[in-house]
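> Take a look at the following structure, please.
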Amino acid sequence: MRERREDVELLTAHFLHRFAVELGRITPSLSENAWKALMDYAFPGNVRELKSILERATIESPAGIIDARQLRLQQPSEAQGLSQVETESGSHGADPELPDNLEEAEFILTRRALTKADGNMSKAAKLLGINRTKIYRILSRGEDGKTAND
């Protein structure tokens with residue numbers, strides 16, 4: 001990724017669209033500072049790192065615009081303090097409670113939104129930027145991402 005900066009824009013558009021479709025949302029856009037942060041980022045990993053960064057940002061930004069802070073890109077000075085295991089696992093200062101699996105992360109974020117909304121499905125749906133039906137589907141899948149019929 002470091003040597004092929006021109007691919008970052010194409011891959012970003014692809015992943016943002018893909019995750020939006022999976023979440024049943026409109027495709028988010030990146031703010032100007034988010035684009036700058038992505039283009040300035042050293043990408044110590046590979047395409048999977050970009051995918052993981054964008055997946056998490058899409059999940060965490062129901063408003064449709066992803067800002068640089070939602071990308072949670074690690075600055076080079078921060079990387080020096082990380083162990084080798086943390087660097088290889090793709091821990092970019094992101095929420096350590098959120099798994100890399102989209103279904104599990106969706107479930108956890110849905111539960112958080114319900115807690116913030118005091119169990120009110122409509123309020124939780126509004127917080128997440130999805131409809132109430134989607135919340136019921138997510139909850140019926142459970143944390144492992146499987147429905148009772150699987």
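> Looking only at region 100-137, count every residue that is touching a helix residue (DSSP H, G or I) at 6+ places or on another chain (Cβ under 9 Å), in a helix (DSSP H, G or I) and not basic (Lys, Arg) and tell me the total.
19
> Another question about this same structure. Could you tell me whether region 21-35 includes any residue that is at positive phi and modelled with pLDDT under 90?
Scanning region 21-35, I find at least one residue that is at positive phi and modelled with pLDDT under 90, so the answer is yes.
> Here's another thing I want to ask about it. Would you check if there is a residue in region 55-62 being part of a loop (DSSP other than H, G, I, E, B), at pLDDT below 90 and not basic (Lys, Arg)?
yes
> Scan region 63-85 residue by residue and report those that are at pLDDT 85 or above and in a helix (DSSP H, G or I).
Listed by number, the residues that qualify are Ala68, Arg69, Gln70, Leu71.
> Would you check which residues across region 103-131 are closer than 15 Å to Gly142 by Cα and not small (Gly, Ala, Ser) and list them?
Answer for region 103-131, where residues must be closer than 15 Å to Gly142 by Cα and not small (Gly, Ala, Ser): Glu103, Glu104, Glu106, Phe107, Ile108, Leu109, Thr110, Arg111, Arg112, Leu114.
> Select from region 37-54 the residues that are at pLDDT 80 or above and in contact with a helix residue (DSSP H, G or I) (Cβ under 7 Å, 6 or more places away or on another chain) and list them in ascending order.
Scanning region 37-54 gives Ala37, Leu38, Met39, Ala42, Val47, Leu50, Lys51, Ile53, Leu54.
> Still on this model: Give the residue, chosen from Glu49, Glu9, Glu22, Glu32, that is surrounded by fewer than 19 Cβ atoms within 10 Å (Cβ to Cβ) and touching a residue at least 60 places away in the same chain (Cβ under 8 Å).
Being surrounded by fewer than 19 Cβ atoms within 10 Å (Cβ to Cβ) and touching a residue at least 60 places away in the same chain (Cβ under 8 Å) holds for just one of Glu49, Glu9, Glu22, Glu32, which is Glu22.
The values are calculated or read from the model by the stated rules, or taken from the named source; none is laboratory data. Note that the structure is predicted; figures quoted are calculated from it, not measured. In this analysis, Cβ positions are derived from the backbone assuming ideal geometry, glycine residues included, and neighbour counts consider all displayed protein chains.
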